[in-house]
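The values are calculated or read from the model by the stated rules, or taken from the named source; none is laboratory data. Note that the structure is predicted; figures quoted are calculated from it, not measured. Cβ: placed from backbone, ideal geometry, glycine included. Neighbour counts: every protein chain shown.
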Amino acid sequence: MTTTGETPVRLTQFAHGGGCACKIPPGELEEVLGSLTAAPPVPSRAPLLVGAATGDDAAVVRLPAAADGGTQGMAMVCTADFFTPVVDDPYDWGRIAAANALSDVYAMGGRPVLAVNLLAWPREVLPFALAREVLRGGLDIAAEAGCHVGGGHSVDDPEPKYGMAVTGLADPARLLRNDTGRPGVPLSLTKPLGLGVLNNRHKATGERFEQAVATMVALNRAASEAALAAGATCATDVTGFGLLGHLYELARASDVTAVLDTAAVPYLDGARQAVRDGYVSGGTRGNLEWVTPVTDFGTADEDTRLLLADAQTSGGLLVAGEIPGAPVIGELRPRGTHALVLG
């Protein structure tokens, strides 16, 4: 909790939701985007390698080859992510939001190069001293990532929101995508689940969960580098649509069935108790509703289903392949009756 003078300020109370749980539900989003098409620029010197078709983590274009006719050009990775406060501490919120935005570049196998801030602030309600702390948190995480922050954009808004638009670089021959999964490949997860329910408990009670904050501010850089080193070509990060939602996107884009070993999935301490105590967001329930028609839940109970659909903020990478230190939580198989099978 932050204090301004003698008055305690809980940032999470100034927003209707928190973090990536505030995303527009995936089913509604697909309905909106499904009818939209974009004509390529004329003339186009930067072919689009990854766009919106598969719901991947970022857009990627191939840059032109060097003027001297040397090696093939690099790929540019572009993304943007912002959300309402997920914790009450402004500095931590800034760090979490920045790590979450940078994660989309790592999820594509890239390295972030330049970010700009996206800030919405209720300037008549919350002092700018708190906004400064949010921005300071973002700067510190960007510095840790070796990424420049070159300004940004701000608006007056009834709800505080913060995030970044990030540009990165990647080798176009070594991208991580969500449509390149193949049968017989194991699935690894690099961060435990439960961030959503713990953040929801924090919003409701003010309890602080250090294990959740530490997980959210951790960059996915090492996981991305490990995936590339292992020869992986398929990955995504686990954020607002939960593990099941992002795994469904991967399975659908790759035309495979994903089989999940529920006993192997790691969770943060306190996550299961938070579900039992009812700290489940509407976003999580929407995620579960979205994947239910395409999922064979086996014997998984309701609490497990909710945790697997838990709307994560700055979660880990879900990698088609084995990487050091990350548990294997399932495998990809030839497409069957269901896109997702829980075992």
Practice prompt. With the condition kept exactly as written, say whether any residue in segment 188-196 is surrounded by 19 or more Cβ atoms within 10 Å (Cβ to Cβ), at negative phi, out of contact with any Pro (no Cβ under 6 Å at 6 or more places or on another chain) and outside the structural domain of Arg276 (by TED's automatic domain parsing).
Written response: no
Discussion item. Can you go through Gly19, Gly109, Gly55 and tell me which one is under 15 Å from the mean Cα position of the chain (by Cα), on the phi > 0 side of the Ramachandran plot, at pLDDT 95 or above and outside the structural domain of Asn200 (by TED's automatic domain parsing)?
Written reply: Gly109
Discussion item. Residue under question is Leu288, and the condition is that it be under 18 Å from the mean Cα position of the chain (by Cα), surrounded by fewer than 24 Cβ atoms within 10 Å (Cβ to Cβ), assigned to a helix (DSSP H, G or I) and modelled with pLDDT of 95 or more; does it hold?
Written reply: yes
Worksheet item: From the set of residues in segment 239-256 that are touching an Asp or Glu at 6+ places or on another chain (Cβ under 9 Å) and not in a helix (DSSP H, G or I), which is surrounded by the fewest Cβ atoms within 10 Å (Cβ to Cβ)?
Response: Asp255
Practice prompt. Could you tell me whether Thr239 is β-branched (Val, Ile, Thr), in the same structural domain as Pro327 (by TED's automatic domain parsing) and closer than 18 Å to Gly316 by Cβ?
Written response: yes
Worksheet item: So which residues in segment 238-276 are under 14 Å from the mean Cα position of the chain (by Cα) and of a type in the set (Asp, Glu), if there are any at all?
Response: Glu249
Discussion item. Please determine whether any residue of segment 157-171 is touching a residue at least 40 places away in the same chain (Cβ under 8 Å), part of a helix (DSSP H, G or I) and under 28 Å from Asp269 (Cα atoms).
Written reply: no
Worksheet item: Between residues in segment 324-343 that are in contact (Cβ under 8 Å) with a residue 60 or more places away in the chain and residues that are surrounded by 14 or more Cβ atoms within 10 Å (Cβ to Cβ) and of a type in the set (Phe, Trp, Tyr), which pairs lie under 9 Å by C-beta distance while being six or more apart or on different chains?
Response: Ala339/Tyr248; Leu340/Tyr248; Leu340/Phe297; Val341/Phe297; Leu342/Phe297
Worksheet item: Out of (1) closer than 20 Å to Gly231 by Cα; (2) touching a Ser or Thr at 6+ places or on another chain (Cβ under 8 Å); (3) not in a loop (DSSP other than H, G, I, E, B), what's the single condition that is false for Gly181?
Response: (3)
Response to the item:
Scanning segment 279-294 residue by residue, the ones that are closer than 21 Å to Pro192 by Cβ and either outside the structural domain of Leu247 (by TED's automatic domain parsing) or not aromatic (Phe, Trp, Tyr) (or both) total 8
Worksheet item: (1) surrounded by 24 or more Cβ atoms within 10 Å (Cβ to Cβ); (2) of a type outside the set (Asp, Glu); (3) over 29 Å from Asp255 (Cα atoms): which one isn't true of Ala75, the others all being true?
Response: (3)
Discussion item. For segment 309-324, check the following and say yes or no: at least one residue is farther than 20 Å from Ala204 by Cβ, touching an Asp or Glu at 6+ places or on another chain (Cβ under 7 Å), among the small types (Gly, Ala, Ser) and surrounded by fewer than 22 Cβ atoms within 10 Å (Cβ to Cβ).
Written reply: no
